Amino acid sequence: MKKILTLGILCLLSLCARAGALDEIVPRPAEAQLLKGSLRVAGISVKCDPALGAGAQAAVSAFATRLGYISGKTCPFSTPPGLADAVASGKTRGILFLQDASLGPEEYGIRVEGGRAVVRTSALNGVLYALETLRQLLPAAIYGDAVAEKERWVLPCCEIRDRPRFAWRGMHLDCARHFWSVEEIKRYLDIMAVYKLNRFHWHLTDDQGWRIEIKSYPLLSQISCWREGTMIGQDFSSNDGIRYGGFYTQEQIRDVVAYAAARGIEVMPEIELPGHMLAAMAAYPELGCTGGPYAAWTKWGVSDEVLCVGKESTFTFLEAVLGEVAELFPGEYIHIGGDECPKTQWEKCPLCQARIRELGLHGDGRFTAEQYLQNYVTKRVQDFLATKGKKIVGWDEILEGELAPGATVMSWRGTAGAKEAAAKGFDAILAPTSHCYFDYLQSEDKASEPLGFNGVVTLEKIYSLDPLEGIPAEQAGHILGLQANLWTEYISTPEHLEYMLLPRMLALSEVQWCRPEHRDPARFLQALREHEFPVLDLLGYHYRKTLNH
Ligand code: ACM
Ligand code: ZN
């Protein structure tokens, strides 16, 4: 009798969905309601409306294969024509993906009831987000590699309608200070996709290394991608003496871009200019005001050596580089840097001064002639990229002087840059050091943390960010969204990189995705403990496991 009772309870449990699953979805959906019952999914048919396209079909098919494998019962996948009619007439069962043109490209709806789960979306990103949500509703084992037949492979009956708050949900990675392999970048993209981020800001060039092959300037991937050693820890007078470098071939770049696109992520490359160009100048010293010699920097910081913008040959170089970059990256934006460009060389350089005179630039008490000269560079590059169908993004220094219409400002020195940009009619993306710099330590207990910048950005701090604070409602549409930046001066291993990223990126994902009324720190922490940490473990990521600060 006892045996039968135990068996009965086990059977009942196996029909129940994961307790609290709906509350543990990160980022939290806009609307989610639990209904009565559950749907068994081991061995279930998975069908995708052919109208959703090849990318969506591939993603849904991969989900079906994985669900079948992990649950121990094959889930047949098909793309039947007339699926929408079959669903409407109630004739078909399974997990059913339908196109619904009334939804935005990042929206989706899921209704699980009556022996089926119907997913409605209009485009690839909606499909991908619905799949991530379905995964989050299943046992965490779905993220692992081991067959887990004994798990409860059921979805709770529920109704979810979801859409992101912000269109720009980014994560940046500095590949110049330390170089990350294509495999490491793909792991970075993988975890971004799990939490519905959709922009990868790829920082490819800086004083300490040039990381992208440019066919018309081959020395960039022969000389500029190397530095003769790296400072040790935070000792600016040191050098470990180890030659360090690496670059991505154009083929690798295309591979990363395609990999990201399949995961709903657009890649925005960053080519820093006119400052942070020392590595390029090491190979092509004529790019500098003094003519060099220059060498890629072995220490961190801001170099006084910047591009000489008095020479036409500098613009020939920039147009060649940006022309190749525009070809490689199909996305809408190219980031042109613009931050931390000291003007000391321009003040001394006869050619830069001649350019200032030729353009009739003058200091006016607010900005110097050299700051206006940087505007000229920004505008020339912006006009060139416009001929390639691209828009520019620049760090908030590009607002100094006169910024030409159409540029997008990335506000890193706090949120003031975003406020000023929006007030002046420019689009803006938030990435303030105060909340979004993931190279800062994760805890006030600095001694317990690995090497990093001395600032602190805790999980709580990110979660508390109100991206629209201080932005008048009529300007809010200019705030495209937000991202976190992961500079890698002090990070040299993939384990350390992932530790700095996680779990902070999960808090970021809720700030990016959720309306303020749906954010709840207690629920979020509970979701991390109960579900997300097991997910990160199964995926093999390194992350900060303690939730206290
Ligand atoms: C920056 O952190 N210099 C944009
Ligand atoms: Zn010059």
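In this simple spin-label model, placing a label point 7 Å from the Cα along the Cα-to-Cβ direction at both His518 and Ala476 gives a separation of 1.5 nm. 3J(HN,Hα) along the range 186-196: 5, 5, 5, 5, 4, 6, 4, 5, 4, 9, 6 Hz, from the Karplus curve 6.51 cos²θ - 1.76 cosθ + 1.60 with θ = phi - 60°, whole Hz, x for Gly and Pro. Only DSSP H runs of four or more residues enter the estimate; each adds -39500 (n - 2.57), and after division by the residues of the chain the mean residue ellipticity at 222 nm equals -10000 deg cm²/dmol.
Relative to the current alpha-carbon distance between Ala447 and Gln33, full extension at 0.36 nm per residue lengthens the span by 144.7 nm. Highest mean first, the peptides 486-495, 141-150 sorted by other C-beta atoms within 10 Å per residue fall in the order 486-495, 141-150. Under 21 Å of direct C-alpha separation, and excluding same-chain neighbours fewer than eight residues apart, Lys461 reaches these lysines: Lys196, Lys419, Lys446, Lys545. Ordering Leu441, Leu525, Gly389 by the projection of their Cα atoms onto the charge dipole of the range 380-534, which places +1 on the Cβ of Lys and Arg and -1 on the Cβ of Asp and Glu, puts Gly389 at the extreme positive end.
Remark: Arg544, Arg211 ranked as Arg544, Arg211, counting other beta-carbon atoms within 10 Å and listing the fewest first. As a proxy for reagent exposure, ranking Tyr188, Tyr376 by other Cβ atoms within 10 Å from fewest up yields Tyr376, Tyr188. Positive-end ranking of Cys157, Trp180, Tyr217 along the dipole of the range 121-221, with charges on Cβ about the Cα centre, is headed by Cys157.
Note on Met268, Met171, Met410: ascending count of other Cβ atoms within 10 Å places them as Met268, Met171, Met410, the fewest first. For the chain, relative contact order (Cα pairs under 8 Å, six or more residues apart, normalised by length) works out to 14 percent. Between Glu340 and Thr493, residue separation times 0.36 nm minus the direct Cα-Cα distance comes to 52.4 nm. Share of pairwise Cα-Cα distances greater than 29 Å in the chain is 56 percent (whole percent).
What is the magnitude of the charge dipole of the range 246-336 about its Cα centre, with +1 placed on the Cβ of each Lys and Arg, -1 on the Cβ of each Asp and Glu, and no other charges, expressed in debye to the nearest 20? Please list the in-between numbers first.
Working: 4 positive and 13 negative charges, 47 e Å.
It comes to approximately 220 debye.
In this Cβ point-charge picture (+1 for Lys and Arg, -1 for Asp and Glu), the range 114-218 has a dipole of about 520 debye about its Cα centre.
Read-outs: derived from the displayed coordinates by stated rules, not from any lab. Everything numeric in this text was worked out from a predicted model, so none of it was measured. With ideal geometry, Cβ positions are generated from the backbone for all residues, glycine too; neighbour counts draw on all protein chains shown.
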